[in-house]
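Please treat every number below as a calculation from the coordinates, not as lab data. Predicted, not measured: the structure shown is a model, and the values here were computed from it. We place every Cβ from the backbone using ideal geometry, glycine too, and count neighbours over all the protein chains shown.
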Amino acid sequence: MLKMHNIRKSYRTDTIETHALRDFSLQVNEGEFVSVTGPSGSGKTTFLNIAGLLETPTGGQYLLDGEDVSSLNDRDRSRLRNEKIGFIFQGFNLIPDLNLFDNIDVPLRYRGFNAKERKKRIEKVLEQVGLSARAKHLPAQLSGGQQQRVAIARALAGEPRFLLADEPTGNLDSLMARQVMELLEFINEWGTTIVMVTHDPDLARRAHRNIQIVDGQVSDLQHGTVGAAREIA
Amino acid sequence: MIGYYISLAMRSLRGTPILSTLMIAAIAVGVGACMTVLTLNYMMSQNALAHKDDVLYAVQLDGWDPNEAADTANELPWQLTYQDATALLRSDIPTRQVAMHRFGFTITLDESEMRPFTADARITTADFFGLFDVPFLFGGTWNADADFSPVQQVVLSKATNDKVFGGENSVGKTINLNGEPFTVVGIIDHWNPSPKVYDLNNNPFADSEEIYIPFGLHRKFEIYSWGNTNGWSHSNEEGYEGFLQGESVWVQYWVELDTAAQKEKYEEYLTGYIRQQKEQGRFQRPLKFALSKPSEWLVLNEVLRDDNRVLGWLSLAFLLVCVVNAVALLLAKFLRKAPEAGVRRALGASRNAIFIQHLIESSCIGVLGGLLGILLSLLGLGGVRQLAMGRIDQIASMDWLMVLAAIGLAVLASLLAGLYPAWRISRTNPSIYLKTQ
Ligand SMILES: Nc1ncnc2c1ncn2[C@@H]1O[C@H](COP(=O)(O)OP(=O)(O)O)[C@@H](O)[C@H]1O
Ligand SMILES: [Mg+2]
């Protein structure tokens, strides 16, 4: 599904050059649920952004579904992102002046679906996340947990094969965090590959596999258990 | 997708009403100022005779002061002397030819309570109506022999006929001009070319005349021109006959020459005429005459003056200032909404999609600004009309072409204004907005 080999990413500002990722290699298989942990600033978000084609690596090779995506232009990358990848963020990132229905509508618009197809999909995912009755509400009218469920619904509406979640429970209390986690597990059971960055060791442990990023590198490359990763840390 | 972008744009405009109003106002003020000036210029440079531009010619002859050229754009007097005009009328080369000038009459009506009033008149040969395509409502023109003999017939404008006869067919009725009876032979339909191509050396934006009478009446009524009369020689102009045979120029002269051969022949004729006059001691300047098409006549007479052109450029510069303001406001607005663009990118929008979305948002501002700008320019033109006190009503008005031009200008301006902000926002790396949550 996802294969990165010796990916490098550096940010250059006027004065300093930051190596956010270096010699970063990782493989994620179809259907896996991978959790990513690591200290703040270690490059987790950078990894997700490259995986989700939001950023281009400075060097190295990235194969998505066997296709080398490093040479694609913006249009093709955007199309791939739209069709194959769903994003979930810590800050939910719903568009504040669009109601839930219209928020979920966004990726479907770029997909080019007709009105009927969009409506069908939006209603379906709203039901999956249990918010059908709130379709006309604005994001601000919902609790954090509900907002994150809408964000998940939005990520799922296009039926992506690959879900990237950047600390999806970081802004939620533990009860809501557990609900969101259960939703993600449910989605994964239905076949969607998930990579989730988290600070919460309990949630990380529930994934099939945990990888740890330290200083821009994967610190444990074996298909090891969370336990193994912890020993190293 | 365009529909989606437009609905997003309208939502976005409603979301920031004050900022949106400011931007729309900036575009509207610029467009309003620009369109006021451009409309005036455009209307001033209209050619009401464009459809006959290839066959009509204003005639100028150089019979001016041997010591000094005439003070006009082509150094030929704008008008002819009466003696030259009547001589040229004898030529049978032109399909039609018109000798004419402005005059005025007091109109009275027997056994009527109508108050006498002074009407603008045109003393002209009969070909005037055919040559300038003047439409008749009732009747027609007088016979051509009235061009040389005193025939008391008159053609009325529609407005005059409405005023004097209540709009009914008055052909055959009699009205009194300066106390003399004239028979109505024709009523022309509404006809008011602006600028008045056939009479540019008076006010080019005046209305057409109210009555038209034959050219053969000069001696009988001792008619002088109410338009310009210019002269350079003060010799032997005694009495009215002296005036008619003198060197003062006061007759406007037009010919219709339908073919190139006809034109060539007429040029030969004019050359011959001037040579013959030279033998008699007139036309002492180098042999020179001019036949100008209506379009050339408009340029020669500087109907659209250089100051108007400068004003046009100034108003465009003002619009540019307004656009620059709108750029700043748009940039502020778009950058504030950058996180949303970041989310859209993450959800699959390409850079182009973001660019187009924002460009459409600025076009919406442009269309709204354009509509408001049209209102402002209508106000502006109303103001110009007030200042000019009825002298330029015709040109201080907008036609559909100008309305379209205004909207076009506004959209162009707002596209220009939106180009950079939309580009900036579409090139921004979305991840920085997604990370900093
Ligand atoms: N756009 C950027 N410009 C400069 N430096 C950046 C940028 N994004 C991330 N970095 C740097 O790259 C490193 C990794 O950042 P990030 O991937 O956000 O870490 P994490 O998500 O693990 O906290 C950090 O040192 C961060 O300061
Ligand atoms: Mg992070």
Practice problem: Only bridges with both residues in chain A count here: give the DSSP antiparallel percent, nearest 5. | Solution: 50 percent
Practice problem: Calculate how many DSSP beta bridges within the protein assembly as shown are antiparallel, expressed in % of all such bridges and rounded to the nearest 5. | Solution: 65 percent
Exercise. If a/c stays under 1.5 just call it rounded; otherwise compare a/b with b/c (prolate if a/b is bigger, oblate if not). Do that for chain A, with a ≥ b ≥ c from the square roots of the Cα gyration tensor eigenvalues.
Key: prolate
Exercise. Rank the residues B:His218, B:His51 as a footprinting-exposure proxy: fewest other Cβ atoms within 10 Å of their Cβ go first.
Key: B:His51, B:His218
Exercise. Assign unit charges at the C-beta atoms only (+1 for Lys and Arg, -1 for Asp and Glu), then state the dipole size of the protein assembly as shown relative to its Cα centre in Debye, rounded to the nearest 20.
Key: 4000 debye
Self-check item: Farthest toward positive dipole pole in the protein assembly as shown [+1 Lys/Arg, -1 Asp/Glu at C-beta], among A:Thr15, B:Ile407, A:His199
Solution: A:His199
Practice problem: First check a/c for the stretch A:32-161, with a ≥ b ≥ c the square roots of the eigenvalues of its C-alpha gyration tensor; if it is under 1.5, answer rounded, and if not, answer prolate when a/b is larger than b/c or oblate otherwise. | Solution: oblate
Practice problem: Give the longest segment of chain B that steers clear of trypsin sites (Lys or Arg not before Pro) in DSSP loops with at most 13 neighbouring Cβ atoms within 10 Å, not counting the sites themselves. | Solution: B:91-304
Quiz item: For chain B, the longest stretch holding no chymotrypsin sites (Phe, Trp or Tyr not before Pro) located in a DSSP loop with at most 15 other Cβ atoms within 10 Å is which?
Solution: B:233-437
Self-check item: Filter on A:Lys9/A:Lys124; B:Lys173/B:Lys196; A:Lys84/A:Lys120; B:Lys52/B:Lys158; B:Lys52/B:Lys220; B:Lys196/B:Lys265 - keep pairs with C-alpha separation over 31 Å
Solution: A:Lys9/A:Lys124; B:Lys52/B:Lys220
Practice problem: For chain B, calculate the relative contact order in percent as a whole number, restricting contacts to Cα pairs under 8 Å that are 6 or more residues apart. | Solution: 29 percent
Quiz item: GNM on chain A, C-alpha springs below 10 Å: top fluctuator among A:Thr198, A:Thr58, A:Thr46?
Solution: A:Thr58
Self-check item: Value of Rg/Rh across the protein assembly as shown [Cα atoms, Kirkwood radius]
Solution: 1.30
Practice problem: Using Cα centres only, tell me the gap between the stretch A:73-107 and the stretch B:175-225 in whole Å. | Solution: 75 Å
Quiz item: Around A:Thr169, with a cut-off of 12 angstrom between Cβ atoms, what is the net charge of the other residues, counting Lys and Arg +1 and Asp and Glu -1?
Solution: -3
Self-check item: Shape category assigned to the stretch B:50-300 from the gyration tensor of Cα positions, a/c cut at 1.5
Solution: prolate
Exercise. Sort out the exposed loop GluC sites (Glu not before Pro) in chain B (DSSP loop, at most 10 other Cβ within 10 Å) and tell me the longest stretch that has none.
Key: B:239-437
Quiz item: Membrane-span-like helices in chain B: DSSP H runs reaching 24 Å or more (Cα, own axis), mean Kyte hydropathy at least 0.5?
Solution: B:17-44, B:306-336, B:351-388, B:400-427
